Amino acid sequence: MTVADMNRLEQAARVSMSGFHDPDSSASPAPYAWHPLLRFAAVAFVAAIVLVVASQLG
């Protein structure tokens, strides 16, 4: 797994955690406020998955 692949996975995780935002929609609902501990747990989970995948490929 290359650095570019890991960057793409990280970007995909950030997008999936931030939710979908349609710039064309005028009436968008208020964004969900994530608890900092929950956000940290989600990032740690994604990092663990990336490490497991990297160790299996390498």
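Multiplying the residue separation of T2 and A48 by 0.36 nm and removing their Cα-Cα distance gives an extension gain of 14.9 nm. Here the Karplus relation 6.51 cos²θ - 1.76 cosθ + 1.60, evaluated at θ = phi - 60°, turns the backbone of segment 35-52 into coupling constants of 6, x, 5, 5, 5, 4, 5, 5, 5, 5, 5, 5, 5, 5, 5, 4, 5, 5 Hz, with x for every Gly and Pro.
Throughout, read-outs are computed from the coordinates displayed, never taken from laboratory work. Quick caveat: nothing in here was measured; it's all calculated off a predicted structure.
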